[in-house]
Amino acid sequence: MKILSASDLSRDLRSRLKTRLKDHRVGLTVVRVGDDPASQVYVANKIRACAEVGLHGQEVHLPATTSSDVLKTALVNLNENPNVHGILLQLPLPAGLAKNVGLDATDWISPAKDADGLTSINQGRLHQGRPHDGPALAVRPCTPAGIIELLKFYEVPLRGVEVVIVGRSSIVGRPAAELFLREDATVTVAHSQSKDLAQICRRADVLVVAAGKMGLIGREHVKKGAVIVDVGIHRGPDGKLCGDVRQSEIADLASACTPVPGGVGPMTITMLLQNTVDLYFAAQSQRSTSPQGNRI
Ligand SMILES: NC(=O)c1ccc[n+]([C@@H]2O[C@H](COP(=O)([O-])OP(=O)(O)OC[C@H]3O[C@@H](n4cnc5c(N)ncnc54)[C@H](OP(=O)(O)O)[C@@H]3O)[C@@H](O)[C@H]2O)c1
């Protein structure tokens, strides 16, 4: 089984971003609410990656008791800050806030600064099949975009193949389905209510697992020769990071699999940097062609 490591591609894409950023001051702000330990680590990694390519990354950390009004004000202020070109609201929000506002909170971010592609405008554009470059920019959510780029890098065929995605979240499963459709794949999305998950998964030439359940997928779910994308991230009982797939079980069955760590995770961060840089240059070109210079 080939290991689809993100290292080479990620290094190459980041070095290209560094070149594009020469002589430009581009800012990405990550807003984190509360003290979820995993989010703290993820945000620190994102800020570190910004520095690596010459992006000005900063974190705004709000307490877990933050009200929806305060969060909204913080995001609106960032929308209006000319030094900020990309904004990401780190999810999950603390339980109370999540219950009150849920994904609506992402709509307080201007679509023109939506580095994670989660606003309903950008998701709408994505599901209309709009391109992710050019004037009607549909920002691709980072994790699915990273998955597609990684599979293309390894020349995994996508046209006409059966792709099964386990998980239907707005962050991973749903936008991934859309991006695979664009590649002319035949896409099935499975979820917690799907009947006979193993049988559905065994149809897949490319199986993308984003269920957030450690070790959910094993030998019985994998067709011989399938390519597996393991999106899940968990801390196993031995303290090591692992995914949703029992990778040791499928080593002689799958043709390739993304590692955890070192696969989808780094690609997600690279796509965040790329989205921010794309948004910055889209805003620049908009400013030079429109008298108002503002694009929603
Ligand atoms: N590597 C990265 O950079 C990265 C980025 C994002 C997420 N992740 C990881 O990816 C995983 C998924 O993230 P998420 O935000 O998409 O999670 P999520 O919002 O919790 O969604 C999980 C999805 O999986 C489905 N599911 C749960 N249990 C299932 C089961 N037993 N059988 C079939 N489907 C099942 C759920 O179905 P229902 O809709 O029916 O509930 C849901 O659609 C998590 O481990 C997360 O940490 C990693």
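For the residues 277, 206, 260, 231, the requirement of being within 29 Å of residue 29 (Cα to Cα), more than 15 Å from the ligand (Cβ to nearest atom) and at pLDDT 95 or above singles out 277.
For the stretch 73-109, the set of residues classified as part of a helix (DSSP H, G or I), under 21 Å from residue 170 (Cβ atoms) and of a type in the set (Val, Ile, Thr) consists of 101, 106, listed by residue number. I'm trying to understand the selection: among the residues of the stretch 245-256, which are surrounded by fewer than 24 Cβ atoms within 10 Å (Cβ to Cβ) and out of contact with any Pro (no Cβ under 9 Å at 6 or more places or on another chain)? Matches in the stretch 245-256: 246, 248, 249, 250, 251, 252, 253, 254, 255, 256.
Determine, yes or no, whether residue 199 is modelled with pLDDT of 95 or more and within 13 Å of residue 164 (Cα to Cα).
Taking the combined requirement at face value, the residue satisfies it.
Candidates in the stretch 166-201 are the residues that are of a type in the set (D, E, K, R) and surrounded by fewer than 17 Cβ atoms within 10 Å (Cβ to Cβ); of these, the one that is farthest from the ligand (Cβ to nearest atom) is 184.
The values are calculated or read from the model by the stated rules, or taken from the named source; none is laboratory data. Everything quoted here is computed from the prediction, not taken from an experiment. When we count neighbours, we look across all protein chains shown, and the Cβ atoms used for this are built from the backbone with ideal geometry, even at glycine.
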